[in-house]
Amino acid sequence: MADLLAGDAFAGTTTYVPNLGSGELGGRTVEILRRHLDGQAHSVWAVTLETPKAARALHAWMTANPTCWSFWGRLALRVGPEAAGQLIMKAAAEHERGRIEREREQRAAAKEQARLARQITLYYYDPKKKPPSLGLERGNEDRPFFRMTFTEKWERDRVLDWLTHRRELFAEMEELWSEHGSLALERHILAGMRETERDVKARGLSAGGRRPLRFWRGE
C-alpha cells in the first residue's frame, strides 16, 4: 500500500486511475492504481517501457480515456496483470497505428493542397441564356479568381486560342489580378493576344477571320 500522490490523475472519486512513475526507473513505468477510502492506493497493473517518452505517450493515451479506467482495473484483478496488460497494450498499439495513419493522411492532404494551390486551370463557360465567359481558377478553390465575360462566343474563343498556349504565364496573371484587379488583367490579356496575332500574321501563319490564332500552338 502507498499514500496517494498529488496530481490531476487523483482528482475526483474514480477508484482506478492511471499513473506515471517517477525516478530513473519510474519514469519508464505506467501503472493503474486502485484507490482506497483511507487515502492509500496500490498498483493492480504496471508496465515498464524502453524510454520515458514511450511511457509518457502511453500514460497520455490512458489519461485521455477515463471511461476505460475502471474496466482496465477490474480486468487486471479478475484475469491477472499479464492477461490484462496484453489487452491494454494491444489497444494502445492500435490507437498509435491509427494516430500515425491519420498524421500520414493529413500530411498527404496538406501536400496535395499545396500542389493544387500552385496549379491554375483555364476554364470556359457556355451558360444557357447568359454571356459566354472564361476563367482562371486555382486547383484548391471551388470558383475562379478571375472571370472574363464576352458578348459573342467567337470573342471568347479568340482569347482562348491565345490563353490555351500561355499557361506558363497564369501565375503572373494571378499576381497582376491580385495587385491591380480584373480590369487590369483583362487589358493585359487582350494586349498580349493582339501582339501575338500581329506577330503570327507578319510571319504568314495567321488563320485569318475572327480567330487568327485558331491553329497557333504557342511559341
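Based on alpha-carbon atoms only, what is the radius of gyration of the chain relative to the globular estimate 2.2 N^0.38 Å? Each step should come with its number before you reach the end.
Working: Rg = 33.8 Å, N = 219, 2.2 N^0.38 = 17.1 Å.
Normalised Rg, Cα atoms only: 1.98.
Potential lengthening of the chain between ARG115 and GLU101 amounts to 3.0 nm, from the contour at 0.36 nm per residue minus the alpha-carbon distance.
Rounded to the nearest whole Hz, the Karplus-based 3J(HN,Hα) values (6.51 cos²θ - 1.76 cosθ + 1.60, θ = phi - 60°) of region 44-54 follow the sequence 9, 7, 8, 9, 10, 9, 6, 9, x, 4, 5, with x at glycine and proline. Given +1 at the Cβ of Lys and Arg, -1 at the Cβ of Asp and Glu and no other charges, the dipole of region 2-115 around its Cα centre is 380 debye to the nearest 20. Net charge of the neighbourhood of GLU155, taken over other residues with C-beta under 14 Å away and scored Lys/Arg +1, Asp/Glu -1, is +1. Summary of packing: across the peptides 212-218, 126-132, the per-residue average of other C-beta atoms within 10 Å ranks them, highest first, as 212-218, 126-132.
For region 2-115, would you read off the P(r) tail past 19 Å as a percentage of all alpha carbon pairs? Before the final figure, lay out the partial values.
Working: 3228 of 6441 pairs.
Value for region 2-115: 50 percent of Cα pairs lie more than 19 Å apart.
3J(HN,Hα) along region 82-93: 5, 5, 5, x, 4, 5, 5, 5, 5, 5, 5, 5 Hz, from the Karplus curve 6.51 cos²θ - 1.76 cosθ + 1.60 with θ = phi - 60°, whole Hz, x for Gly and Pro.
Annotation: amide H-H contacts under 5 Å for ASN65 (H modelled 1.01 Å from N, sequence separation of 5 or more, or interchain): none.
Across region 138-150, rounded Karplus estimates of 3J(HN,Hα) from the backbone phi angles (6.51 cos²θ - 1.76 cosθ + 1.60, θ = phi - 60°) give 6, x, 9, 10, 10, 8, x, 7, 9, 9, 10, 9, 10 Hz, Gly and Pro being marked x. Put simply, region 136-215 fits an ellipsoid with semi-axes of 24, 13, 12 Å; these come from the alpha carbon gyration tensor as the roots of five times its eigenvalues, largest first.
Each residue, GLU94 and TRP154, gets one label point 7 Å from its Cα in the Cβ direction; the gap between the two is 6.9 nm.
Read-outs: derived from the displayed coordinates by stated rules, not from any lab. Just so it is clear, the structure is predicted and the values come from calculations on it, not from any experiment. Glycine also receives a Cβ, built like all others from the backbone with ideal geometry; neighbour counts cover every protein chain displayed.
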